[in-house]
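The values are calculated or read from the model by the stated rules, or taken from the named source; none is laboratory data. Given the structure is predicted, the values throughout are model-derived calculations rather than measurements. Here the Cβ positions follow ideal geometry from the backbone for every residue, glycine too, while neighbour counts run over all protein chains shown. These accessible areas exclude ligands, DNA and RNA; they are computed on the full protein's heavy atoms, side chains included. Shrake-Rupley method; radii C 1.70, N 1.55, O 1.52, S 1.80 Å.
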Amino acid sequence: MAKKKHLDQAVCRKNDELLLEIEDMGTEGEGIGRVDGYTLFVKDALAGDTVRVRVMKTRKHFGYARLLEIIQPSPYRVTPECPVAKQCGGCQLQHCSYEKQLLWKQEKVVNCMRRIGGLDVRMSKEDGHFCENAPAYEQEEVTDKTVFIEPIMGMEQPSHYRNKSQYPVGYDKEGKLVAGFYAGRTHTIIPSKDCVIGDEANEAILHTILSFMEEKKIAAYNEQTQSGLVRHILLRSAKATGQIMVCMVINGREFPCVQELVQKLLQTNEQISSICLNSNEKNTNVILGEEVIPVYGNPYIEDRIGSIRYRISPLSFYQVNPVQTEKLYATALEYADLHGGETVWDLYCGIGTISLFLSQKADKVYGVEIVPQAIEDAKENAKLNGITNAEFFVGAAEDVVPSKYLESNGALRSDVVVLDPPRKGCDEKLLQTVIQMEPKRIVYVSCDPATLARDLKYFGENGYALKRIRPCDMFGHSYHVETVVLMSRQNQGFCGKPRN
């Protein structure tokens, strides 16, 4: 064992063991401690912990350490409900109280806005979170550019909230058939049929499928040999309607004795309304293939967010937490401030979830999405709801919107633009076109505060001021956080630059 070092020693080397006080949390929920100014990141450690760690990797100014022992637990530390929470890559914060999770996510958004976006965003003084050890900026004078973050929208019940789970199927070290989740940054399956954040119906369904596979000697897929049949089991549930979809991702196009399995599944849960196969014969890490083969019921289920119904196929993108999604979209609708005569462009529209929500109060909504199947779903969802004032286009938003702008000879305008991009944020070409469209308001729905802050900085330098910002916890027990932002067009840019 390496000689133990203490906090007053300056040099960290690989395999050193240290006693460390965890002062803060990083962007992925890892603990942060410091040894004479040298920063160590420790997975599974919490702010307030005193821990014993082993240094695993070092860089010039920071390193990574493994948690060996909790000497003094943080007041925020709780016992994870899930027995495999530490090994599984799905949840990173189950050992942290939910109240602290919400506070940390709110602070994470504020820090990104200030550090990356250069924006004067602060915690609400009413929250009282910065009464002790408040950052220096909290004491600065409030100006007309100061925006106080609105309270994060937390969950009433942060368990069993996911309406979609994808379980890889394989074998454990003893050769037993298992389903579960990949350990973080690996393809090692951690067996788990009763996921704390997944739907409670999943466990019995998984048990039925695995038992059937064992009985019929149906093999799980082997990534190394590219042999075997069953790759993943995809389960989707509709919280509003109760409908459940079972989709087996297979290395082929046929499943042995499939109708016998259908009957066993229907006996397991009478709310199953869709059973299908998804064919994926490629040597790839992508879970789903392009072909869906229905074997029972429709190749979709239906759900509702508010009064809008949505048809969801195995390939559809649909928010995994519909209860929080309704709060998120209601906030986006509030920020859009529609009165019935506006034209709205919803970019990265998916299956039209936000578009159809906004269409209830807008004159015309245009949605853009790169995935053709998603646009087909969006059009079907519009028909399903009798909505006639929404139109959808296939293509990358950064290509479709500029082309429509050119077609209109620069006449394309929008009262409100809604942006809901992937984690990488918006393409700069798209940002430029949005600015050319001169919308009065921009509503940005983000799943990554760092890229959100980067894009807000761009808008700020080109005539748009940040007006409102509110996080939403869509993914309890993970480090992810959604944020809704309102920007409005100014006579001068946020940074005082004249508009082009």
Neighbours by Cβ (under 7 Å, 6+ apart or cross-chain): first from the range 275-300, touching a residue at least 60 places away in the same chain (Cβ under 8 Å); second open to solvent by less than 70 Å² (accessible area, probe 1.4 Å): Ile287/Gln166; Ile287/His232; Ile287/Val249
Do we find a residue being among the aliphatic types (A, V, I, L, M), over 30 Å from Glu30 (Cα atoms) and touching a strand residue (DSSP E or B) at 6+ places or on another chain (Cβ under 9 Å) anywhere in the range 180-198? no
Looking for something of a type in the set (Gly, Ala, Ser), part of a strand (DSSP E or B) and either under 27 Å from Cys447 (Cα atoms) or open to solvent by less than 60 Å² (accessible area, probe 1.4 Å) (or both) - is there at least one such residue anywhere in the range 38-47? no
Just wondering, is there one or more residues in the range 90-99 that are at pLDDT 95 or above and either among the acidic types (Asp, Glu) or more than 30 Å from Pro151 (Cβ to Cβ) (or both)? yes
How many of the residues making up the range 242-268 are closer than 13 Å to Asp199 by Cβ and among the polar types (S, T, N, Q)? 1
Residue, farthest from Pro168 (Cα to Cα), within the range 75-102, restricted to residues that are of a type in the set (A, V, I, L, M, F, W, C), open to solvent by less than 30 Å² (accessible area, probe 1.4 Å) and part of a loop (DSSP other than H, G, I, E, B): Leu93
Can you tell me how many residues in the range 179-189 are open to solvent by 30 Å² or more (accessible area, probe 1.4 Å) and in contact with a Phe, Trp or Tyr (Cβ under 9 Å, 6 or more places away or on another chain)? 3
Restricting attention to the range 357-368, does a residue exist that is closer than 14 Å to Ala396 by Cβ and in contact with a helix residue (DSSP H, G or I) (Cβ under 8 Å, 6 or more places away or on another chain)? yes
Could you list, ordered by first residue, the pairs with Cβ atoms under 7 Å in which the first is in the range 57-78 and touching a residue at least 24 places away in the same chain (Cβ under 8 Å) and the second is of a type in the set (Lys, Arg) and outside any loop (DSSP other than H, G, I, E, B), at least 6 apart or interchain? Gly63/Lys57; Tyr64/Lys57; Ala65/Arg54; Arg66/Arg54; Leu68/Arg52; Leu68/Arg54; Ile71/Arg52; Tyr76/Lys100
If you go through the range 462-500 one residue at a time, how many are closer than 17 Å to Val121 by Cβ, out of contact with any Lys or Arg (no Cβ under 6 Å at 6 or more places or on another chain), at pLDDT 95 or above and surrounded by fewer than 21 Cβ atoms within 10 Å (Cβ to Cβ)? 3
Return yes when Tyr310 is in contact with a Lys or Arg (Cβ under 6 Å, 6 or more places away or on another chain) and not basic (Lys, Arg) and no when it is not. no
Lone unmet requirement of (1) over 28 Å from Cys112 (Cα atoms); (2) modelled with pLDDT of 95 or more for Ser74: (1)
Filter the range 310-346 for residues that are assigned to a strand (DSSP E or B), modelled with pLDDT under 95 and in contact with a Leu (Cβ under 9 Å, 6 or more places away or on another chain); which is surrounded by the fewest Cβ atoms within 10 Å (Cβ to Cβ)? Arg311
Looking only at residues in the range 138-178 that are outside any loop (DSSP other than H, G, I, E, B) and open to solvent by 30 Å² or more (accessible area, probe 1.4 Å), which one is farthest from Asn280 (Cα to Cα)? Gln139
The residue that is surrounded by the fewest Cβ atoms within 10 Å (Cβ to Cβ), considering only those in the range 229-281 that are modelled with pLDDT of 95 or more and charged (D, E, K, R), is Glu270
Name the single residue, out of those in the range 448-461 being surrounded by fewer than 19 Cβ atoms within 10 Å (Cβ to Cβ) and either closer than 21 Å to Thr143 by Cβ or free of Cβ contacts under 8 Å to residues at least 60 places away in the same chain (or both), that is nearest to the chain's Cα centre (by Cα). Thr451
Every residue in the range 192-207 that is open to solvent by 30 Å² or more (accessible area, probe 1.4 Å) and either part of a helix (DSSP H, G or I) or at pLDDT below 95 (or both), please. Lys193, Asp194, Glu203, Ala204, His207
Scanning the range 358-376 residue by residue, those farther than 15 Å from Pro439 by Cβ and open to solvent by 20 Å² or more (accessible area, probe 1.4 Å) turn out to be Gln360, Lys361, Glu369, Ile370, Val371, Pro372, Gln373, Glu376
Out of Lys440, Lys383, which single residue is open to solvent by 10 Å² or more (accessible area, probe 1.4 Å), modelled with pLDDT of 95 or more and touching a Ser or Thr at 6+ places or on another chain (Cβ under 8 Å)? Lys440
